[in-house]
1. Which one of these does B:Ser235 not meet: (1) open to solvent by 30 Å² or more (accessible area, probe 1.4 Å); (2) under 27 Å from the mean Cα position of the chain (by Cα)?
2. Checking the condition touching a strand residue (DSSP E or B) at 6+ places or on another chain (Cβ under 7 Å) and among the basic types (Lys, Arg), which residue from B:Arg22, B:Arg68 passes?
3. From the set of residues in region A:58-95 that are within 11 Å of chain B (Cβ to nearest Cβ), assigned to a loop (DSSP other than H, G, I, E, B) and open to solvent by 40 Å² or more (accessible area, probe 1.4 Å), which is modelled with the lowest pLDDT?
4. Only one residue in A:Pro163, A:Pro221 is closer than 30 Å to B:Ala217 by Cβ, away from chain B (no Cβ under 14 Å) and modelled with pLDDT under 90, so which one is that?
5. For residues that are within 13 Å of A:Ile97 (Cα to Cα), at the interface with another protein chain (Cβ under 7 Å from one of its Cβ atoms) and in a loop (DSSP other than H, G, I, E, B), tally how many sit in region B:82-101.
6. For B:Tyr263, which of the numbered conditions (1) within 14 Å of chain A (Cβ to nearest Cβ); (2) in contact with a helix residue (DSSP H, G or I) (Cβ under 8 Å, 6 or more places away or on another chain) fails to hold?
7. Starting from residues that are of a type in the set (Ser, Thr, Tyr) and either closer than 27 Å to B:Glu64 by Cα or free of Cβ contacts under 8 Å to residues at least 24 places away in the same chain (or both), keep the ones in region B:132-185 and report whichever is most open to solvent (accessible area, probe 1.4 Å).
8. With region B:1-65 as the region, which strands (runs of 3 or more DSSP E) entirely inside it contain at least 3 residues that are out of contact with any Asp or Glu (no Cβ under 9 Å at 6 or more places or on another chain)?
Amino acid sequence: MQKKKVLLNRAMFSIRPYDSSALTVLTTLFHHFSEAGNYELFVRRGGTVIHRAAIQVSEKGAQQQLNLDLASLRDAEQRECCDKEAGTRYTLAVNSILGFYVSQGTGAYSVALARAEHKERQALDSAAHIPAGDLFAVTLVRPGTYRAVNEEGGAEAMIRVRPASPKDYRPDQAELVTCDAQAFKPKRVDITSGHSVVFRCEAPARLRVELVEPAESAPKPRKEMRHTLRRSSGPASRKAT
Amino acid sequence: MAHLTLAVSEGTFQRSFDLLKRNLTFQDSDLQDYGAFTLGYDVKMHLEGGSVDLRDDNTIQIKELDIRWDRLKVIIGLDIPRICVGGGCINMPWPIPDICLPRICVFSADPDVSISPDFASLVAQEISFTGSLVARYFDVSVPLPSPDPCQLLRVVPLPGNNQWQIFVDPQTMDLDLFDFPDIVGDLIEDALTSAVTALIPGGWVRDLILAIIGGVADLIRTILDIPDDIEEWLSDLFNVSFGLLDFIGTLVLDFFASCNPIYAIDDPFEILPAAGGLIPVRIPIRNLSVRAHDLEMVVQADVGA
């Protein structure tokens, strides 16, 4: 067997707030296309546009969901999805979902969607806020207590992340939380490490999820290295038998 | 009545057999890819011990010949499946479709681990066979078959002249199956567990990864599709899948029966060396036959014209 070079996805385990305005590893933004039309997609990293694409949303479009890995978009020219001459183009159905996530690396991304015919009409600018109807998902791996804040209205929710147990563990579980300008529903969510919380925004929102208190790892029993024998007071008195 | 009769005692025959047997070595390696895992071996063996029994029924019995492993490496490679978090779908109200989350993976690719423990000191096998003694004529003018099946097994050099050759020709052979002791299963499991664990960072990250893969021991058993007894599984591999047992049996058969005579007599046989300007005196040997008796091997031949 030819041994492969395998790298650990360290960004998954670094501790930092998850912010809808700066998409990083373990966060996903889902945009809902409720209207047919032609859109232009801009993906920014550190303020610089790193990827542009045309999106056609039509009644005839068959694709209901497309998830784009922002960390691998630089390879878009090699993708088989797209017309090389006309640039990258995605075709989706009305009411479909376009997801943006980051699979690896430490980069923070933002995405913007504008109507091609009316560039001033922005359908999405994640750096500013998430429009109503869109969703923001966070996959939480470090056990502990997290606070979710909607910076648009100040609403807060608590997320408790329990450590995963090998017995019957399935990582592909998600909890849905609704957020409007005033509050999250529910306000308290319990999940297991590696599971996701999906926030569905009913009003424009800017969401931030941060670790408030990490769960203490169970201390491992310390191996006794020394054995001390104590002599009882007075000289040893061993009876001869 | 034969013109010549020659007898070799059982003790002398034993020493001749020991000399020949000492030169039988075998080494081989192979690696087979089964997709999610690779299995292979890297082995080297020689023969030791064994007793020779010449019997009255014209047979010879070689008993308890030890197969000594100088190297008995088992190569096990695992292609660990992707370890990812996230994923799953959530139901959304119409007209929004169900939304499926991406999976984020811990490693950039499926990690591989490989171990190659050496169990030479833990495995012992014996080989015994019963056969006969066979005399064959080696005619130097007849070309060797091509390819020569004895090319890698021949330790007795090819003669430069015609010869009568006496071979030990095994008829039935008993060869112990590979039987790995219980400790081998533990050693393999420990080595694989260490190799997999070494890939994973410590602390809560390890707890999470172990939860995803369901524990290292279970992962290993799942990938390799092995039952409870690793040692039994390994024994089956060596006995059946790798075909090593058949190979060793064939090797021993060919080594003694076809490739290396235990004794050889030149034809013509020199009875007086060249001396005083005279050419050597050689007599042609004809109709050579060999028999085993209880205490000795007896060779008889005629002096031909």
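The values are calculated or read from the model by the stated rules, or taken from the named source; none is laboratory data. Predicted model only: the values in this text are computed from it and were never measured. Counting neighbours? That spans all protein chains shown, and the Cβs are built from the backbone with ideal geometry, glycine included. Note: accessible area is taken over every heavy atom of the protein model, side chains too, but ligands, DNA and RNA are not part of it. Shrake-Rupley method; radii C 1.70, N 1.55, O 1.52, S 1.80 Å.
1. The single condition B:Ser235 does not satisfy is (1).
2. The conditions single out B:Arg68.
3. Of the residues in region A:58-95, the ones within 11 Å of chain B (Cβ to nearest Cβ) are A:63-71, A:92-95.
With the extra rule that they be assigned to a loop (DSSP other than H, G, I, E, B), the set shrinks to A:63-64, A:94-95.
When the remaining residues are screened for being open to solvent by 40 Å² or more (accessible area, probe 1.4 Å), the result is A:63-64.
Numbers: A:Gln63: 81, A:Gln64: 88.
Selected residue: A:Gln63.
4. Working: A:Pro163 fails: away from chain B (no Cβ under 14 Å).
Just one listed residue meets the conditions, A:Pro221.
5. 4
6. So the condition that B:Tyr263 fails would be (1).
7. Quick first cut of region B:132-185, residues of a type in the set (Ser, Thr, Tyr) only: B:132, B:137, B:141, B:146, B:172.
If we keep only those that are either closer than 27 Å to B:Glu64 by Cα or free of Cβ contacts under 8 Å to residues at least 24 places away in the same chain (or both) too, we end up with B:132, B:141, B:146, B:172.
Details: B:Ser132: 29, B:Ser141: 91, B:Ser146: 115, B:Thr172: 86 Å².
If we take residues in region B:132-185 being of a type in the set (Ser, Thr, Tyr) and either closer than 27 Å to B:Glu64 by Cα or free of Cβ contacts under 8 Å to residues at least 24 places away in the same chain (or both), then B:Ser146 is most open to solvent (accessible area, probe 1.4 Å).
8. B:25-33
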